[in-house]
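Notes follow once the structure below has been shown.
The values are calculated or read from the model by the stated rules, or taken from the named source; none is laboratory data. Quick caveat, the model's predicted, so the values are computed rather than measured. Ideal geometry is used to build each Cβ from the backbone, glycine not excepted, and the neighbour counts take in all protein chains shown. Heads up: the accessible areas ignore ligands, DNA and RNA and are worked out on the full protein's heavy atoms, side chains in. Shrake-Rupley method; radii C 1.70, N 1.55, O 1.52, S 1.80 Å.
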Amino acid sequence: MPQWPRTFGAYPVVIELQTPPQGHPDASRQVELLSDPASFHMADDWYDYATPDHFWFQWRLDVLLRLLEGTDPGLKILEVGCGSGAARAQLETHYDRPIDGCDLNLRALEVGRPGRGQLYFYNIHDRRPQWSGYFDTVFLLDTLEHIEAPEPFLESVAWHLKPGGLLIVNVPALSCLYSRYDALAGHMRRYRVGTLASELEPSGFRLLGHAYWGLTMIPVAALRKLMVRFMPEDRVIERGFQPSSVLVDKTLRALMHVEQRLLAPPWIGTSLAAVAERLPAATSFAGEDRS
């Protein structure tokens, strides 16, 4: 695994993004390297299809904004596991403020979309002292399912949040839909709300609200589970996530609109969004001096 120095003199190592700035004159084109490389479970080719105009990203954003209606996320916001920045771009546009992002996938960060906030190659287990209790809100969007040991990970997330700060989560739902697509995408599991709560609560969080979504996608996900069994491995992510034609894309968007207008919020779905609060009492975490 490659190594690099984390500082040059008093300054972090910085690399330039490959993608040109778009949208906002204050767009940052740099990634600060704050951590050593570490292993992660994520399919790189997924980022080739993860764009803000993908119907699934637009659907997820709509669900999150409904769940957060009337809630101010504050000014200090971090997306953990930001990847190539599709969600961060959506959130910066909606909230009209900078949102920082961090990830351990350098390729995704390098080819990502510049934004108004800063990008970091950062392992949250490193716990930079200046970020202790610093952030008002952390977004953890389709990241938690990639984490082998979720509770220590969530404790490190909580360490970065101020007491009473918000954690916004989205995860895939329903273990019965787990498939070869999930395995190749790096998913360790799929969730029900009870499973998610059982990981959040020991880590210093209180679940405030949740919403399943993607009820109309359950037959599609079930069909995908069958199809990818016999598919070449290098085609699974593309065929499992990217609509194969304009007609398929329109059909999936129609299912999205039916659910948004007639069924929201459904009682179950292929995904689960949630809002949790860092408990004020959660003032010490694993790895800290508790004396």
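Some notes on this structure:
- If you filter segment 197-251 down to residues that are in contact with a Pro (Cβ under 6 Å, 6 or more places away or on another chain) and in a helix (DSSP H, G or I), you find that the one that is nearest to Tyr178 (Cα to Cα) is Leu215.
- Scanning segment 182-233 for residues that are crowded, with 19+ Cβ neighbours inside 10 Å, in contact with a strand residue (DSSP E or B) (Cβ under 8 Å, 6 or more places away or on another chain) and among the basic types (Lys, Arg) yields one hit, Arg190.
- Close pairs from segment 103-115: first on the phi < 0 side of the Ramachandran plot and of a type in the set (Lys, Arg), partner open to solvent by 20 Å² or more (accessible area, probe 1.4 Å) and outside any loop (DSSP other than H, G, I, E, B), Cβ under 8 Å, at least 6 apart: Arg107/Asp44; Arg107/Tyr47; Arg113/Ala89
- Pro243 touching a His at 6+ places or on another chain (Cβ under 9 Å) and either at pLDDT 95 or above or surrounded by 17 or more Cβ atoms within 10 Å (Cβ to Cβ) (or both): yes
- Failed item in (1) in contact (Cβ under 8 Å) with a residue 60 or more places away in the chain; (2) open to solvent by less than 10 Å² (accessible area, probe 1.4 Å), with Ile99 passing the rest: (1)
- Residue tally, condition of a type in the set (A, V, I, L, M, F, W, C) and either more than 26 Å from Asp45 (Cβ to Cβ) or free of Cβ contacts under 8 Å to residues at least 40 places away in the same chain (or both), over segment 116-142: 3
- Between Glu155, Glu148, Glu92, Glu69, the distinction of being open to solvent by less than 50 Å² (accessible area, probe 1.4 Å), among the charged types (D, E, K, R) and either touching a helix residue (DSSP H, G or I) at 6+ places or on another chain (Cβ under 8 Å) or assigned to a loop (DSSP other than H, G, I, E, B) (or both) belongs to Glu155 only.
- Filtered residues of segment 32-63 (kept if over 19 Å from Val248 (Cβ atoms), modelled with pLDDT of 85 or more, among the hydrophobic types (A, V, I, L, M, F, W, C) and within 18 Å of the chain's Cα centre (by Cα)): Leu61, Val63
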